[in-house]
Amino acid sequence: MHDVENHTICYLRDVLVTKAHKDPEVTAFLACWSYEEHWHGDAIAKILDAHGEAAGPTRIEAVRSRLRRDGLRPLLFNVGSALTRHLVAVQMAWGAVNEYTTQSGYARLAAKADHPVLGELLRRIMKQEGRHIDFYAGQARTRLGESRAAQRLTRYALRRAWGPVGSGVMAEEEVRFLAAHLFGDEKGLAVARRVDRQVDRLPGLGNLHLLEQAVLAAA
């Protein structure tokens, strides 16, 4: 979670090379979003540091250095944006799915850890993640509702390429462990299915079962 929250600035880079940078509402949100995500990572770093775990700039630099192909992503997003005007709809829907998943993951961690200090920190982070959900889901609902082509492209992209938050940044075994640990039991699977039902409400994205399938695969 520390590593992924601190990787948000790299996701921001990928979004801003697309037509999203022309939308003042989107860019205003992204400025606040990246700021808050940075401080989520910084707060989690304090938890890691208190337990003698590596955290902060040195760890972040190591993660980014390991992602040798990450530099190609801006080019791919830029080309994709040139090919279709609906890429922003994909990005907004993708962001909504990730924020739904992240907020639910923090809730599951707070419940499983049952620690007063960690729980309070996670509840504060979840509150901000809720605002992020509101924006992404609202944008996705509007953009998908205006175009069947946007719905088809977004559905295809999510079905073929989406993975749990952190996929592509963290090692595969860590992503599998996180999915299984937080969502792999009966209560966790119920939460995963609730996330999928939230995604179902976005135009054209019903019955994808993204998180449930990812959890079952991990478990």
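Figures for the structure shown
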read-out: Selection from Leu122, Tyr35, Asn207 lying farthest towards where the dipole of the chain points positive, charges on Cβ; value: Asn207
read-out: Förster radius 45 Å - calculated FRET efficiency between Leu48 and Ala149 (Cβ-Cβ, nearest 0.05); value: 0.55
read-out: Count of Lys pairs (Cα-Cα under 30 Å; at least 8 positions apart or interchain) in the chain; value: 8
read-out: Most mobile of Ala20, Ala179, Ala157 in a GNM of the chain (Cα contacts under 10 Å); value: Ala157
read-out: Point-charge dipole on Cβ atoms (K/R +1, D/E -1) for the chain, about Cα centre, debye to 20; value: 880
read-out: Principal axis box of the chain, alpha-carbon based, largest edge first, Å; value: 48, 37, 29
read-out: Residues Ala180 and Trp39, FRET efficiency given R0 of 41 Å [Cβ-Cβ distance, rounded to 0.05]; value: 0.90
read-out: Overall Cα dimensions of segment 1-68 - principal axes, largest extent first, Å; value: 44, 26, 14
read-out: Inter-centroid distance (Cα atoms) of segment 83-124 relative to segment 4-28, Å; value: 17
read-out: Separation in nanometres of the label points that stand 7 Å from Cα toward Cβ, at Ala219 and Glu173; value: 2.2
read-out: Under-5 Å amide H pairs with Gly184, H placed in peptide plane, nonlocal only; value: none
read-out: Signed unit charges on C-beta, dipole axis of segment 2-218, positive-most listed residue Leu153, Leu48, Pro74; value: Leu153
read-out: Modelled FRET efficiency - R0 30 Å, Ala190 with Cys32, Cβ distances, 0.05 increments; value: 0.45
read-out: Value of D in µm² per second that Stokes-Einstein yields for segment 85-153, Kirkwood Rh from Cα pairs, at 37 °C (0.692 mPa s); value: 253
read-out: Under the Karplus curve 6.51 cos²θ - 1.76 cosθ + 1.60, θ = phi - 60°, whole-Hz ³J(HN,Hα) for segment 45-57, x wherever Gly or Pro sits; value: 4, 5, 5, 4, 4, 5, 9, x, 9, 4, 7, x, x
read-out: Residue-wise HN-Hα coupling along segment 157-168, computed from phi with Karplus coefficients 6.51, -1.76, 1.60 (Hz; x: Gly, Pro); value: 4, 5, 5, 8, 10, 6, x, x, 3, x, 4, x
read-out: J(HN,Hα) series, segment 129-137, from Karplus relation 6.51 cos²θ - 1.76 cosθ + 1.60, nearest Hz, glycine and proline x; value: 4, x, 5, 5, 4, 4, 6, 4, 5
read-out: Reciprocal of mean inverse Cα separation for segment 162-219 (Kirkwood radius, Å); value: 11.5
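Every number here is computed from the coordinates shown, using simple stated rules; none is lab data. Keep in mind that this is a model prediction, so the values were computed, not measured. We place every Cβ from the backbone using ideal geometry, glycine too, and count neighbours over all the protein chains shown.
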